[in-house]
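A short worksheet on the structure shown next.
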Amino acid sequence: MLLEVTLSGVTLGGMYALVAMGLTLQYGVARIMNLSYGELLIAAAFAAFWFYSGLSLSPLLGLIVVPPLAFAASYAIYRYLLQPLVRRAKTRDQLEVDSILATFGLLFVIQGVMLALFGGAYYSYSFLSVPLQFAGAIVAANRLLALVLAVVIGLGLFLGLTRTRLGTAVRAVAVDPVAAQLVAIDVRTASALAFALGGALVAASGVLVSMFLTFNANLGVVFTLKALIVVIMGGVGNLLGALIAGLILGLTENYVATFIDPGLTLAATYAIFLIVLLVRPQGLLGRADR
Amino acid sequence: MSAVVAGLGVAALACVPLLLGDYGLSLAINIVSYTVLATAWSLFSGPTRYVSLATVAFFGIGAYTTAVFAETLAWPLVLLIAAAISISVAGIVGLSTLRLSGVYFVIFTLGLAELVRQLVTWYEVNKTRTLGRYVFTDITAAQIYWQLLALAVLVFAVGFLIGRSRLGLALRAIGDDETVARHSGIDATRAKVALFVLSTVFMTLTGAIMAPRWTYIDPAIAFNPVISFTVLIMALLGGVHRLYGPVMGVVPLALLFEFLLARFPNHFSIMVGVVFILVVYAIPRGIVGLVERTVRWPA
C-alpha cells in the first residue's frame, strides 16, 4: 500500500516538476509571470483527448504534434502580446505587474474558449490502463509511461540547456539580462525562445497528464498554482530545485489524499508553501539575491 | 462646500429604491456592491501596487458567516463576527507574504479563494453532510441597498482619511520605492498588513450583506473567482491612484457585463477577458489617468 502510494506520488511529482520547468523558463528567463500557463496544459490535454476519441489516434502521436503547435502559439503570444509590455515597462516590477494582469486576462479568454467548446464536464479516456507489477506493487501502465516520458523530456531539456551554445545563452539571460547583452547575446530572441519553449513543455505535460488524470476546462488555474509553488519552492530558474520541489509536492498530495482526506490536498500544498516562504523564501536551492 | 455636495449626492442615491422597480434595484445593488469592493481593493493595491487576486475569498467568507449565523444571532453581531474572521485571515496571509517580494503575494492570493473554498467544502461534506445552505432572513432588497450604500460612504470616508494620514504618506512612499521608504524609517510591513486587513474587512462585510440576496449558497457560488476578476478589471479601468477612480470603472463595466451576460451567456468569460486585456494595454492608468492627461494638455 505504502509503496503503491509512493509510486503514484512520484509519477504525479515528476509531472509537477516537468510543468514547473516550463514555468521557470518563462519566469526566470523571459521575466513573464504567466498566469495563463495552466490553461495551455488543459488545452493540450483536450487536444490529446480529441486525438484519441475523435481521430482514434494514439496520444503519443499527440505528444509529437501538440508541443510544436504550442511552441508557435506561445511564441506569437510573447511576440505580439507581451513584448509591447516589455518595451513599455520602465522597471522589472512594472513588467511583473503588467504581465500578471495581461496573462490574467488571457487566462479567461482561453478558459472561455475551452468552456464554449467542451463545456464544464470532466473528460478522460482510457489509454493503456493495464495494471503492471512493479517491485511488488501494482502500477497502471499509462502512469509509468507518462513518468518515463517526463524523465526523458526533462533530461533532454537539462542537457539542451547545459550542453549547447543556445542553452548557455538562455541561462545567461536568466542570470543577468544586461550583462548577457555585453557578451553579444540577443536577449530579446533568447527571451522569446525561452517563453515559447516553456509553452511547448507545458503542452507536452498536458498530453502526458491527460493519459492518467481526469480534467475539465476549469482546472488550469490549479496547475498554474502548483507550478508556481514548485518554482518558488525550488528557487526561480533552478531546474534541479523544480524537480525536488515537484516530487515533494506530488508525494505529499498522495500521502494526504490516501491517509488523511482527499479534500485536504490543496490545504497540505499550501501549508508546505507557507513553511517554505517563512523559512527559505529564496527557495530550496535558490540563492538569496532576490 | 464639497461635503454638502457629497451629502446631497448620498441622500439622492438613498432615494433610489423608492423610484426604481425590482430590476433597477437589483442593478443598483450590483453597482454599489462592486463600488465598495473595487474601492476597497484599490485602497490597498493602488498605493502599494500589490495585485490582490483574493477579493472573492473574503467576500465568500462574509457570505458564509451570514449563512451560518444569520438565523440565530442579531444582525449587527453577524457583521461583527464576519469582520473579526476576515481580520484574522488577512492578518495571517499578510504577515506571511507581505514581507516578501510582490510576486509571492500575488501567487498566494491567486490560490487563497480556491483554498478557502476547498476547506469550506471539506467541512460541509464531512461535518454538516450537506454542501449547500439556505439563507432565510427578513432583510429586504431595499435594506440591502441601504446597508451597501452606508458601507460605500464608510469606505470613501476611510480612504479620504487615510490619504491625509501618516499611514497614507507611508504607503505612497512604499509604492514609489520600498527600499527608500524603509531607509526613512517606515515600518513597511506593518503599514502594508494594516491596510490589507482594512481593505479585506470591507470586502467581507460586502459579502455578508449580499448573502441574503441569494437565499441559497454553496461554496461554488460564494467563492466564484469571476468576482475577484471583475473587481480587478473595474478598479483598473477606473484608475487606482485616485480614491474616486474605481467608481468610474464600476458603472460602465457593471452595465456592460449586465448586457453581455444577458446576450452572450456562453461566451461571457471570453469577452470579459478581451475587455480586460484591452484595458491593460490601452488605458494602463485608467479613465481617471486618461482624463487628467487630456485635460492638462490644452492648459
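The values are calculated or read from the model by the stated rules, or taken from the named source; none is laboratory data. It should be emphasised that the depicted structure is a prediction, and the values quoted were computed from it without experimental measurement. Virtual Cβ from ideal backbone geometry, glycine too; neighbours counted across all protein chains shown.
Given the options B:S96, B:S101, name the one that is more than 22 Å from the chain's Cα centre (by Cα) and facing chain A (nearest Cβ under 10 Å).
So the residue among B:S96, B:S101 that is more than 22 Å from the chain's Cα centre (by Cα) and facing chain A (nearest Cβ under 10 Å) is B:S101.
Given the criterion away from every other protein chain (no Cβ under 14 Å), farther than 23 Å from B:L110 by Cβ, part of a loop (DSSP other than H, G, I, E, B) and not aromatic (F, W, Y), identify the matching residue among A:A196, A:A200, A:A184, A:A204.
Unique residue meeting the criteria: A:A184.
Which condition number in (1) modelled with pLDDT under 80; (2) facing chain B (nearest Cβ under 8 Å); (3) surrounded by 19 or more Cβ atoms within 10 Å (Cβ to Cβ) is the one that A:L274 fails?
All conditions are met except number (3).
Being within 24 Å of A:D176 (Cα to Cα) and not basic (K, R) is true for just one of A:G62, A:G22, A:G9, A:G13. Which residue is that?
Just a single option satisfies the conditions, and that option is A:G22.
When region A:82-107 is examined, which residues are found to be within 21 Å of the chain's Cα centre (by Cα) and either more than 8 Å from chain B (Cβ to nearest Cβ) or farther than 25 Å from B:I107 by Cβ (or both)?
Of everything in region A:82-107, those that are within 21 Å of the chain's Cα centre (by Cα) and either more than 8 Å from chain B (Cβ to nearest Cβ) or farther than 25 Å from B:I107 by Cβ (or both) turn out to be A:L82, A:S99, A:T103.
Taking helices (runs of 4 or more DSSP H) that fall entirely within region B:1-71, which contain at least 1 residues that are surrounded by 18 or more Cβ atoms within 10 Å (Cβ to Cβ) and not β-branched (V, I, T)?
Result: B:16-19, B:22-48, B:55-69.
Filter region A:87-107 down to residues that are surrounded by 15 or more Cβ atoms within 10 Å (Cβ to Cβ) and assigned to a helix (DSSP H, G or I), then give me how many there are.
14
So, of the residues in region A:108-121 that are in a helix (DSSP H, G or I) and more than 7 Å from chain B (Cβ to nearest Cβ), which turns out to be surrounded by the fewest Cβ atoms within 10 Å (Cβ to Cβ)?
So, considering only residues that are in a helix (DSSP H, G or I) and more than 7 Å from chain B (Cβ to nearest Cβ), the one surrounded by the fewest Cβ atoms within 10 Å (Cβ to Cβ) is A:L117.
So which of B:L112, B:L77 is part of a helix (DSSP H, G or I), in contact (Cβ under 8 Å) with a residue 40 or more places away in the chain and either more than 14 Å from every other protein chain (Cβ to nearest Cβ) or crowded, with 18+ Cβ neighbours inside 10 Å (or both)?
B:L112
For region B:248-299, which positions are facing chain A (nearest Cβ under 8 Å), out of contact with any Phe, Trp or Tyr (no Cβ under 9 Å at 6 or more places or on another chain) and surrounded by fewer than 17 Cβ atoms within 10 Å (Cβ to Cβ)?
Result: B:N266, B:H267, B:Y281.
Do we have any residue at all in region A:240-261 that's facing chain B (nearest Cβ under 10 Å), modelled with pLDDT of 80 or more and within 30 Å of A:A73 (Cβ to Cβ)?
No: region A:240-261 contains no residue that is facing chain B (nearest Cβ under 10 Å), modelled with pLDDT of 80 or more and within 30 Å of A:A73 (Cβ to Cβ).
Given the structure, is B:A83 at pLDDT 90 or above and assigned to a helix (DSSP H, G or I)?
Judged against the criteria, B:A83 is a match.
Which numbered condition trips up A:R171, out of (1) of a type in the set (K, R); (2) at pLDDT 85 or above; (3) surrounded by 14 or more Cβ atoms within 10 Å (Cβ to Cβ)?
So the condition that A:R171 fails would be (2).
Looking only at region A:146-163, count how many residues are without any contact (Cβ under 8 Å) to a residue 12 or more places away in the chain and either under 14 Å from the mean Cα position of the chain (by Cα) or loosely packed, with under 11 Cβ neighbours inside 10 Å (or both).
Number satisfying all stated conditions: 4.
Each row is one residue, and each column tells you yes or no for (1) buried (at least 22 other Cβ atoms within 10 Å of the Cβ); (2) not hydrophobic (A, V, I, L, M, F, W, C).
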{"residue": "A:R165", "(1), (2)": "no, yes"}
{"residue": "A:A227", "(1), (2)": "yes, no"}
{"residue": "A:V231", "(1), (2)": "yes, no"}
{"residue": "A:L249", "(1), (2)": "yes, no"}
{"residue": "A:F259", "(1), (2)": "no, no"}
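Quick check on region B:209-227: of everything there that is within 26 Å of B:W146 (Cβ to Cβ) and touching a Ser or Thr at 6+ places or on another chain (Cβ under 7 Å), which residue is surrounded by the most Cβ atoms within 10 Å (Cβ to Cβ)?
Checked region B:209-227; the qualifying residue surrounded by the most Cβ atoms within 10 Å (Cβ to Cβ) is B:A211.
Could you tell me which numbered condition A:G28 fails, if it satisfies all but one of (1) within 14 Å of another protein chain (Cβ to nearest Cβ); (2) modelled with pLDDT of 85 or more?
(2)
Among the candidates B:T230, B:T206, which residue alone is surrounded by fewer than 24 Cβ atoms within 10 Å (Cβ to Cβ), modelled with pLDDT of 85 or more and of a type in the set (S, T, Y)?
Every option except B:T230 fails the conditions.
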